[in-house]
Each structure stands twice: as structure tokens, then as C-alpha cells.
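In what follows, a single structure is set out as C-alpha cells and then discussed.
Nothing in this text is a laboratory measurement; each read-out follows from the coordinates by a stated rule. Quick caveat: nothing in here was measured; it's all calculated off a predicted structure. A quick note on method: Cβ atoms are made from the backbone with ideal geometry, for glycine too, and the neighbour counts reach across all protein chains shown.
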Amino acid sequence: MPNTKAIGVAYADPEFESVTVIGAITANSVASADTITATSVTATGAVTGNTVVSTASSGVVALNANAGIYILSTAITSGVTTTSVPSGSLGITTNATGLGKLFYSNGSNWLFMAIT
């Protein structure tokens, strides 16, 4: 009698609802209908889903090879606050100095975002 076991079929637990990762998620593709919670998410391909939640208190929200989006807790003063994040990155802060303003990086400093 030939083998009747299913090959290549994974077991899915119907009670399994979420995964919380402390550390980094590294993947070629992460697809989610709900939430990924992690300190950082590193992807070499597309990250899709409704929400990626970081438990870090400050830092990068999204980043690719060219630039990123940063939410910081430190004060930002345009043209004064230095940064080493990639040129073209966007930044906002929760600090009273710079709160409510959108900044971009020129690779050396945070500058006010200009709308033309």
C-alpha cells in the first residue's frame, strides 16, 4: 500500500491568533492581515499587512536601502540637530522642541520639510 500521508501540508492551530517577537523579524516577505509586534522588522523584500507595531520607544518606523521614516523622542531643531540617517529620510519627534513639525534629513542635519 502506498504512503497516504499528506506531503508538504502544514498543521494550522485554530486557536493560534498572534505572535509577539522581542528582537528582529528578518524575512523576504511578511504578509499579515493583523499586527506584527516587534522591536524591529528587517525585510529584504515586501512587508505587507495592516499594521507593524514597534515596541521600541524611539527610532526607525520603516526603512529601505535609500531612506526611512523615524519617530524620535529627542528634541529636533531645524539645521542644528545632527543625524546620520540616510539623506531623504523623514522624521518627527514627540519632544516639545520640534513637536508637530515634519523634518527631512540631508544626511547631516534635520531640516524643516518644505511644501512648494
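What distance in nm lies between label points placed 7 Å from Cα along the C-beta direction at SER57 and THR97?
1.8 nm
Please arrange VAL80, VAL85 by counting, for each residue, the other beta carbons lying within 10 Å of its beta carbon, fewest first.
Listing VAL80, VAL85 from fewest to most nearby Cβ atoms yields VAL80, VAL85.
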